[in-house]
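K.L.:
Structure in structure tokens, see below.
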Amino acid sequence: MKKGDIWIGVVLLGVLAWFIVPFLAKEETSGASASAVITVNGEHYRTVELTESAHEIEIETSRGYNLLRISHNGIEMIEADCPDQLCLGFGHVNRKGGTIVCLPNRIFVE
């Protein structure tokens, strides 16, 4: 092996570690109750506990309408009247750091 091959291997191992270590070091949240913070137009709207029991949150503003569903210890956008409907594609978010964003209606959930 050449010296350059060793450096390539070291760099590849570093990049691989960069992506794997956060998953291995992730905190387990099974005992603690998780919550989601909903921000509308840059201002805090509501903080909700993510529980097993399903319920919905309607958000109506001058910019539009959104419907969030909380279930299975997560949250998802199930309805929106924005033109692009991209916020519906985020799916069911149940991990720390997960987000749902509806830019036309200025709604941010984390």
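K.L.:
What are the residues in the stretch 16-58 that are modelled with pLDDT of 85 or more and among the β-branched types (Val, Ile, Thr), if any?
P.N.:
Once the filter is applied, which keeps residues that are modelled with pLDDT of 85 or more and among the β-branched types (Val, Ile, Thr), the stretch 16-58 yields Val37, Ile38, Thr39, Val40, Thr47, Val48, Thr51, Ile57.
K.L.:
Within the stretch 74-83, identify whether any single residue is part of a strand (DSSP E or B), under 15 Å from the mean Cα position of the chain (by Cα), within 24 Å of Phe23 (Cα to Cα) and not aliphatic (A, V, I, L, M), and answer yes or no.
P.N.:
The answer is yes; a qualifying residue exists.
K.L.:
Has the stretch 15-35 got any residue that is under 20 Å from Ile107 (Cα atoms) and touching a strand residue (DSSP E or B) at 6+ places or on another chain (Cβ under 8 Å)?
P.N.:
Yes, the stretch 15-35 contains at least one residue that is under 20 Å from Ile107 (Cα atoms) and touching a strand residue (DSSP E or B) at 6+ places or on another chain (Cβ under 8 Å).
The values are calculated or read from the model by the stated rules, or taken from the named source; none is laboratory data. All of these numbers come straight from a predicted model, not from anything done at the bench. Because the Cβ atoms are built from the backbone with ideal geometry, glycine has one as well, and the counts that use them run over all protein chains shown.
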